[in-house]
Amino acid sequence: MIESINFESIFQSLPGSYIILLPDAPKFTIIAFNRKRRDESFTKQQHIGKSIFEAFPDSPEDLQADGVAKLTASLQLVLRDKKMHEISMQKYDIATDNRRSVEPKYWMVKDVPVLDQDGEIMYIIHSMQDLTTEIEVGQRENLTRQNFEDFFNQASAPFAVLTGRKFHFSYANPAYIELMNNRQLEGRDLLEVIPELEGQPFLQQIRDVLDTGIAYHGVEVPATAHFKGSDFATTRFFNLSYTPFREKSGPIKGVLAYAYDVSEQVAMRKRDHANQLNQQAYDLFMQAPVGICILKEPDHRILLANAPVLEIWGKNSSIIGKPLLNALPEIKGQGFIELLNKVKDSGTTHYSNEHLTSLVRNGNKEEVYINFVYQPYYDADGTINGVMAIATEVTEQVKARKQIEYAEETARIAIESADLGSYEINLLTDEITTSPRFNKIWGIDHTVPRSTFAAFIHEEDRPRRIAAHKESLITGRLFYEARILWKTQSVHWIRVNGKVLYDADRKPVRLLGVIQDITEQRAFTEELTRLVTERTKELQKANDHLEISNGELEQFAYITSHDLQEPLRKIQVFSSILLGKTGLTPEWQIHAEKISAAAKRMGGLISDLLEYARLSQETSPFREVNLNDVLQSVLADFELLITQKNATIVYDELETIEAVPLQINQLFFNLLGNALKFSNPEIKPLITIKANRLSDDEKISHSQLQSDKDYYKISFTDNGIGFSQQYADKIFIVFQRLNQQSNYSGYGIGLALCNKVAVNHNGIITAEGSVDNGATFTVILPCVQDKV
């Protein structure tokens, strides 16, 4: 049996220095390194998961450090070619273990791709050989030169060394020579061998690098020259780097020129961009809010048509590709074909507004108004090959304008018929234009300046007129009533209505108004006001008497019901004695039972009436009441009845409000008792109690409620016998009953008491129901009562 191989141990024992990277450019994440690598370059466990450039950045002390740039280029080449790439020598300083200093290091780098079964890169093995020692013992120059020559001669990217102010080619690698169409470069000046670069920015960029020592890096820079593969000058795009170089610590000797051809990527991106623009243009065309179509030769064939133009035509997309007259035969003879031919032949644009057109839409012939533009449609070579039409249906606008014109004419006739005077004031010049009726109302028979009209206003009413005009400049509306004095000194009342018109800068420019003689109306109104005032006083007196009577009635009801209890108890006692006697005849037995039953009913009536009267007189203070506690107390009172009727009670969690506790208990007791009492004997009773805060919309629907207060709504819904909705208002009146007394007990006071509780709490109670379909009683109470 073959033993499994421990590749992890082998990897850690390799004599070389290795890091395994992910191909996740531009990050190139470190996922592993061997022991040798850790010992040589201070690689730490925390570097796992980091970018190699984050773990080993360029030295901040070396302004010309290019390790990151060159390593990036090497890794990018591996990604592109899926082949090993080698950097023969690279200066890449490494921080010491305590990171307080940087140690100069020279390396030979190899980046080897690890491919999966599909030929895609899974990992990159990054190996580095430390050359520092060899360089220090005297081999630095030879090794550097050899590595330099090997690297640049074998590099696929063009590279050259330019020296002196004339940019002399001291070196050009084969890739650079091939790019420049195999010209003889070395030993010659840049402009001498590549004269077409004259006038392009490269010479100045190289000169700036020589003068400043600052490297230049350009991305997708266009360059025009006689490149390989072309018989004439063409433009290509390059990623450029011009880096200054010097020997040892001497002055800048020249420039290292590096160029990477990215023309294909730029062209691809431009094609993608063009396709994207075309798609965006098509989407814009199809989603435009106005109708657009393209009609191409021959026969003005419909090449494209968006949804709005199809809607105008009353057609669907099936007409696309058809000649226009085949798709819309009804337009024949309406001049459209002639217009299209004229635009195509002349190359001029035609505009038409509110063009009346006959179209067949949805099988019906319709008269429509259309604004449209016909403009030439050009092919890629600039030839007119059709017409693009942009259309907007304005049928509704035209009809609306005609209606407005009709309304204006009708208004003019109405103004004249209503005996109104009209006028217009130019607020910039103060000129006034008036109708004959306007002048007649003012008591004159000719046109006068605006100031003359103002002088007719009664002296006491002039401030009102001035204030109204000032306010109109802000609100745009003018209204006031005033007295005017004719030359005969007779007094007349007028009512003025007007509208201010503004320019684009919101500056008032015109005032349009009407005037009405309201002298007779004013006299009638004053008389009517006098009569209403007198009647109001009479009604107030009647209300005062009624309130006193109601109070006396409630007091009487309380005293009467209270005083009747004692004789009633005697009747009940003696009827009980009679019923307990033996030897009564059957007839007298029946009479005694009837007396007892009547006394019992009267006792219930007196008790309810006394409770109602007591509620009217009660003045207990409001305090916080937990409605949950009240409900639980009432449920406990009805526990036996709920069990007997097998009823289900479903209820919400209730809030705390300000109320009178005893009255709220009476309210819940009567509403829940009503629901249990009037249950349908054939159906299991279900009573639902829901509650919520009242929304603003709900408050608006109840005119009795105040918009600035919070209210709590509680609804009791049952599935009992219900009632007819036409009696919804009657059931809250004392002694009103909607059912047979023989079937259901009660005296018609319980719901009246509920209504009294709601009123005492500044709230309302409503009822909804239908026969045999249950009922809902809704109580709305303020959450907080007003402080007295």
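Scanning region 163-191 for residues that are within 12 Å of N153 (Cβ to Cβ) and of a type in the set (A, V, I, L, M) gives A172, A175, I177.
For the condition at pLDDT 80 or above, farther than 27 Å from F723 by Cα, open to solvent by 80 Å² or more (accessible area, probe 1.4 Å) and of a type in the set (K, R), R623 qualifies. The set of residues from region 335-347 being more than 16 Å from N385 (Cβ to Cβ) and touching a residue at least 24 places away in the same chain (Cβ under 8 Å) comprises I337, L339.
Hey, could you check region 476-509 for residues that are part of a strand (DSSP E or B) and hydroxyl-bearing (S, T, Y) and say which is farthest from A454 (Cα to Cα)? Once the filter is applied, the top-ranked residue is Y502.
One residue stands out in region 772-788 among those that are over 13 Å from K709 (Cβ atoms) and open to solvent by 90 Å² or more (accessible area, probe 1.4 Å): the one that is farthest from the chain's Cα centre (by Cα), namely D772.
So which residues in region 343-369 are surrounded by 12 or more Cβ atoms within 10 Å (Cβ to Cβ) and under 21 Å from K315 (Cβ atoms)? Lay out the reasoning, then the answer.
Of region 343-369, the ones surrounded by 12 or more Cβ atoms within 10 Å (Cβ to Cβ) are 343-344, 349-350, 352-355, 357-361, 366, 368-369.
Residues satisfying the conditions are S352, H355, T357, S358, L359, V360, R361, E366, V368, Y369.
Find the residue count for region 276-300, including only residues that are open to solvent by 80 Å² or more (accessible area, probe 1.4 Å) and either at positive phi or at pLDDT 90 or above (or both). Going through region 276-300 one residue at a time, the tally reaches 1. When each of K332, K270 is tested for being loosely packed, with under 14 Cβ neighbours inside 10 Å and touching a Leu at 6+ places or on another chain (Cβ under 7 Å), the lone residue that passes is K332. Identify, by number, the condition in (1) over 19 Å from T778 (Cβ atoms); (2) open to solvent by 60 Å² or more (accessible area, probe 1.4 Å); (3) modelled with pLDDT of 85 or more that E658 doesn't meet. Checking E658 against (1) over 19 Å from T778 (Cβ atoms); (2) open to solvent by 60 Å² or more (accessible area, probe 1.4 Å); (3) modelled with pLDDT of 85 or more, the one that fails is (2). Residue by residue through region 510-529, note down the ones that are touching a strand residue (DSSP E or B) at 6+ places or on another chain (Cβ under 6 Å) and either in a loop (DSSP other than H, G, I, E, B) or small (G, A, S) (or both). Correct list: G513, I518.
Note on region 191-247: residues that are out of contact with any helix residue (DSSP H, G or I) (no Cβ under 8 Å at 6 or more places or on another chain) and open to solvent by 30 Å² or more (accessible area, probe 1.4 Å) amount to 24. Exactly one residue out of E366, E354 is in contact with a Leu (Cβ under 9 Å, 6 or more places away or on another chain) and either closer than 30 Å to R510 by Cβ or modelled with pLDDT of 80 or more (or both), and it is E366. If you go through region 626-636 and pick out every residue that is surrounded by 15 or more Cβ atoms within 10 Å (Cβ to Cβ), modelled with pLDDT under 90 and over 16 Å from I687 (Cα atoms), you end up with 1. When residues in region 168-189 are screened for being modelled with pLDDT of 90 or more and surrounded by 20 or more Cβ atoms within 10 Å (Cβ to Cβ), 1 of them pass.
Taking each residue of region 297-310 that is closer than 15 Å to Q375 by Cα and in contact (Cβ under 8 Å) with a residue 24 or more places away in the chain and looking for partners that are among the aliphatic types (A, V, I, L, M) and open to solvent by 70 Å² or more (accessible area, probe 1.4 Å) with beta-carbon atoms closer than 9 Å, six or more apart or interchain, yields nothing. What are the residues in region 677-697 that are under 27 Å from Q644 (Cα atoms) and open to solvent by 50 Å² or more (accessible area, probe 1.4 Å), if any? Matches in region 677-697: K677, P681, E682, I683, K684, L686, K690.
Of the residues making up region 698-730, just one is of a type in the set (V, I, T) and open to solvent by less than 30 Å² (accessible area, probe 1.4 Å), namely I714.
Contact map, region 717-729: first residue farther than 9 Å from N773 by Cβ, second residue among the β-branched types (V, I, T) and open to solvent by 20 Å² or more (accessible area, probe 1.4 Å), Cβ cut-off under 6 Å, separation 6 or more or different chains; pairs are T717/T688; T717/T776; S724/V771.
Residue-by-condition table, conditions (1) over 24 Å from G443 (Cα atoms); (2) polar (S, T, N, Q):
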{"position": "P463", "(1), (2)": "no, no"}
{"position": "K470", "(1), (2)": "yes, no"}
{"position": "I474", "(1), (2)": "yes, no"}
{"position": "E481", "(1), (2)": "no, no"}
{"position": "W486", "(1), (2)": "no, no"}
{"position": "Q489", "(1), (2)": "no, yes"}
{"position": "K507", "(1), (2)": "yes, no"}
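Residues that are closer than 16 Å to E220 by Cα, surrounded by 12 or more Cβ atoms within 10 Å (Cβ to Cβ) and not small (G, A, S) within region 253-267 comprise Y258, Y260, D261, V262, Q265, V266, listed in sequence order. Checked across region 460-474, the condition of being exposed (fewer than 11 other Cβ atoms within 10 Å of the Cβ) and β-branched (V, I, T) holds for at least one residue.
When region 122-144 is filtered for residues that are of a type in the set (A, V, I, L, M), surrounded by 15 or more Cβ atoms within 10 Å (Cβ to Cβ) and at pLDDT 85 or above, the ones remaining, listed by number, are I124, I125.
The values are calculated or read from the model by the stated rules, or taken from the named source; none is laboratory data. All values derive from a computational prediction rather than experimental measurement. Don't worry about glycine lacking a Cβ; one is built from the backbone with ideal geometry, like all the others, and counts go over all protein chains shown. Accessible surface areas use protein heavy atoms only, side chains included; no ligands, DNA or RNA. Shrake-Rupley method; radii C 1.70, N 1.55, O 1.52, S 1.80 Å.
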